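Asker: Attaching a single structure in structure tokens format; questions to follow.
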Amino acid sequence: MTAVWTTPLPRVDRLPLLPLIATVLLLAAPIQTAGAGTSANITPADLASCALVLTALAKALHERRRPLTLTAALVLGLPAVAIAVATATATDPTAALTGFARYLQVFVLVPAAVVLLLRTPNHFRVITTALIALAVAQGATGVYQYATNTGASYMGEDIRAVGTFGATDVMGMATVVSYGLLAALALALRPPKNAHPYLRPTATATAAALTIPLALSFSRGAWIATLAAAFAMILLTGRRQAVRALTTLTAASVILVGGFGIGSEMISQRLTSITEVTEAPDRSVTDRYTMWTAAVSMWQDRPATGVGLKGFPAHRDAHASIALSSGSDTAGAGQTFHKQALLSPHNMYLLVLSEQGLIGLTAFLAGWAAILLTALRRLTRAPQKAADCGLAAVGLATWQTVDFLYADIGGPSTVLTGIILGLAAWWALAPSEERA
């Protein structure tokens, strides 16, 4: 993928990006955590993100210039106000402090640091290349787990591809692979000007190959989000190329999943379960809708500010119906069987609504909508040589927006959410001369 650039980045110019690259690549290392539903685990990637923030701050002070435009500061800083209000008004302020630190890291500090450190499209491509490398590493691990029955438990077999994230964070690998797939797809659809001739076929093959571990993750939310984001990216490339791209992707899916029979039966069952939420929902669907109802009930009790950060677990039982199970079964991928407590509604919007109320949800939605819509508008006006960056930014932001309907923050891969928001924010909010 290094063939993307026609002129290598000066070594000094790369140094500020090292903490950002490290934050991404450190997620390839195996990590044993207490569970995906908690934000109390400190991982090497989290520590690298601290170095990332400090590096961005030091760079801004050294250059002695306004670090962010007024618009960027407003959009990126808006969630901080809501987070502070939710912490101050929480029913348990002590517990809320942990959530305050996590939310500030993921939704404010890391995105702002990414915007500060990226100065050119080449910088952007360095980070998306790191995302692709991480996705390939985690995806290969996941395919090996499926092939050797060493993955997480799924329908009585240890075949679920989870990469190095383990059975307690089954969304981790699916998230990473989705990011890498979309980053590769952007290069395949809109390769940079004067890029190496092998870049497009290599990127296309990489995106197609990553559909295998994504399918074997059995993550319905990741499937839906990836399809939505990929479809949006393809449509943005023009009608003629969209037809070719959709034909290629359809053929690749048929060959990989249908022709080779890679998890086809279980994937079919998983797809069917998406439409059976009212007639014969499985246990995970029942639990999810029960927790969604509980989240709305919490908000109705405290509509303005919610129950406070990290307040959902404490208030869950008082608002959930008896249909909620005691927890989800987790096993495999090197971990023994145990019940994992359901500590969040698995919907980021409802989590924010229940814990931060209308103040928090309005602040978050306003910021995310501003980034996505501005990124989309700038993409339509982007010069050809940087269109791949805009396409990746819009695709990744779209994926995150859709995935938040089925997931929320939690687990080691959470720090990548901040980086994805930062990449999209850089494209949307950085000065035009940086994106040229």
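The values are calculated or read from the model by the stated rules, or taken from the named source; none is laboratory data. The shown structure was predicted, so the numbers you read here are calculated from the model rather than taken from an experiment. Methodologically, a virtual Cβ is constructed for each residue, glycine included, from the backbone with ideal geometry; neighbour enumeration extends over all protein chains shown. For the accessible areas, the whole protein counts, side chains as well, though only heavy atoms, and no ligand, DNA or RNA atoms are used. Shrake-Rupley method; radii C 1.70, N 1.55, O 1.52, S 1.80 Å.
Asker: Kindly provide log₁₀ I(q)/I(0) values, in the same order as q = 0.17, 0.25, 0.26, 0.28 Å⁻¹, from the Debye equation applied to equal alpha-carbon scatterers of the range 111-181.
Answerer: Taking Cα atoms of the range 111-181 as identical point scatterers yields -0.64, -1.00, -1.04, -1.13.
Asker: Please calculate how many Å² of accessible area the range 20-132 carries per residue, with a 1.4 Å probe and no DNA, RNA or ligand atoms counted.
Answerer: That works out to 43 Å² for each residue.
Asker: First obtain the Kirkwood hydrodynamic radius of the range 76-218 from its Cα pairs, then insert it into the Stokes-Einstein equation at 25 °C and 0.890 mPa s, and state the resulting D in µm² per second as a whole number.
Answerer: 140
Asker: Next question, about the same structure. Sort the following peptides by mean Cβ neighbour count (other Cβ atoms within 10 Å, averaged over residues), highest first: 210-217, 154-161, 303-310. All intermediate terms of the calculation are to be shown ahead of the outcome.
Answerer: Working: 210-217: 26.8, 154-161: 18.2, 303-310: 23.0.
Ranking, from highest mean packing down: 210-217, 303-310, 154-161.
Asker: Related question: Direction-averaged shadow area of the convex hull around the Cα atoms of the range 81-149, nm²?
Answerer: Details: hull surface 30.5 nm².
Dividing the Cα hull surface by four gives the mean projection, 7.6 nm².
Asker: In the range 345-399, what is the volume of the convex hull around the alpha carbon atoms, normalised per residue and reported in Å³? The partial results should precede the final answer.
Answerer: Working: hull volume 3.3 nm³, N = 55.
Per residue, the Cα convex hull of the range 345-399 comes to 60 Å³.
Asker: Next question, about the same structure. How much of the accessible area of the range 77-148, probe 1.4 Å, is carbon plus sulfur, in whole percent?
Answerer: Solvent-exposed carbon and sulfur of the range 77-148 make up 74 percent of the total.
Asker: Eigenvalues of the Cα gyration tensor times 5, then square-rooted: what semi-axes does that give for the range 54-99, in whole angstrom, largest first?
Answerer: Numbers: eigenvalues 172, 39, 7 Å².
They are 29, 14, 6 Å, listed from largest to smallest.
Asker: Can you tell me the convex hull volume per residue for the range 356-436, based on C-alpha atoms, in Å³ to the nearest whole number?
Answerer: 94
Asker: Report the relative contact order of the range 85-206, percent, no decimals, based on alpha-carbon pairs under 8 angstrom and at least 6 residues apart.
Answerer: Reported as a whole number, the value is 17 percent.
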